[in-house]
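Student: Here's a structure for you.
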Amino acid sequence: MTAIDKVAWIKLENGKILSTRSHGKDVYYIPGGKREPGETDMDTLAREISEELTVIVRTDGATHVGTFEAQAHGHPTGTAVRMTCYSAEYQGTLTPSSEIAELIWLTYADRDRVSPVDQLIFDHLHQRSLLS
């Protein structure tokens with residue numbers, strides 16, 4: 001099985017999770033993206049969130065939330081995505097970049113609107129009473 005290696009930012013506020021939708025996509029995704037060669041988790045997290053949401057993630061205090069794997073949305077069967085998730089504070093104003101069509105705060109009731117790996121993350125957070 002092929003696996004896509006991604007790092008994601010878990011940002012929760014008032015029982016809701018920050019999610020994004022890229023132009024041309026039909027589901028929401030937790031912000032983050034693919035690791036580039038030689039990058040650490042923190043390098044990837046900082047770069048991706050800066051590119052997508054124009055803020056600076058405070059990687060010095062980042063906390064590992066979990067690593068989740070599922071069928072990659074929009075890819076052939078047998079292609080998995082492995083998402084390593086971190087929570088962290090940030091500096092700046094959340095602003096969607098040109099690649100992001102929409103920034104939204106979702107609850108567990110929105111689980112069917114996100115990718116399969118994000119659904120696992122929603123389950124994990126909901127079971128821990130972090131996602132309403």
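Student: Can you tell me which residue in region 64-76 is farthest from VAL27 (Cα to Cα), limited to those that are within 14 Å of the chain's Cα centre (by Cα) and in a strand (DSSP E or B)?
Tutor: HIS64
Student: Report whether or not LYS34 is exposed (fewer than 13 other Cβ atoms within 10 Å of the Cβ), under 14 Å from the mean Cα position of the chain (by Cα), at negative phi and touching a residue at least 24 places away in the same chain (Cβ under 8 Å).
Tutor: Judged against the criteria, LYS34 is a match.
Student: Any residue in region 40-55 that is surrounded by 15 or more Cβ atoms within 10 Å (Cβ to Cβ), in contact with a strand residue (DSSP E or B) (Cβ under 8 Å, 6 or more places away or on another chain) and among the hydroxyl-bearing types (Ser, Thr, Tyr)?
Tutor: Within region 40-55 (the criterion being surrounded by 15 or more Cβ atoms within 10 Å (Cβ to Cβ), in contact with a strand residue (DSSP E or B) (Cβ under 8 Å, 6 or more places away or on another chain) and among the hydroxyl-bearing types (Ser, Thr, Tyr)), the answer is yes, since at least one residue qualifies.
Student: What's the total number of residues in region 6-21 that are surrounded by fewer than 16 Cβ atoms within 10 Å (Cβ to Cβ) and not hydrophobic (A, V, I, L, M, F, W, C)?
Tutor: Matching residues across region 6-21 total 3.
Student: Report, by residue number, each residue of region 37-64 that is in contact (Cβ under 8 Å) with a residue 12 or more places away in the chain and farther than 22 Å from SER22 by Cβ.
Tutor: MET42, ARG58, THR59, GLY61, ALA62, THR63, HIS64
Student: Now for a different question. Just checking, does region 77-99 include any residue being touching a Lys or Arg at 6+ places or on another chain (Cβ under 8 Å), in contact (Cβ under 8 Å) with a residue 12 or more places away in the chain and part of a loop (DSSP other than H, G, I, E, B)?
Tutor: yes
Student: Does region 103-116 contain at least one residue that is outside any strand (DSSP E or B), loosely packed, with under 13 Cβ neighbours inside 10 Å and touching a residue at least 24 places away in the same chain (Cβ under 8 Å)?
Tutor: Scanning region 103-116 turns up no residue that is outside any strand (DSSP E or B), loosely packed, with under 13 Cβ neighbours inside 10 Å and touching a residue at least 24 places away in the same chain (Cβ under 8 Å).
Student: THR77 - would you say it is under 14 Å from ILE4 (Cα atoms) and at pLDDT 95 or above?
Tutor: Details: under 14 Å from ILE4 (Cα atoms): yes; at pLDDT 95 or above: no.
Against the criterion (under 14 Å from ILE4 (Cα atoms) and at pLDDT 95 or above), THR77 does not qualify.
The values are calculated or read from the model by the stated rules, or taken from the named source; none is laboratory data. Everything numeric here is computed off the predicted structure, so don't read it as measured data. Counting neighbours? That spans all protein chains shown, and the Cβs are built from the backbone with ideal geometry, glycine included.
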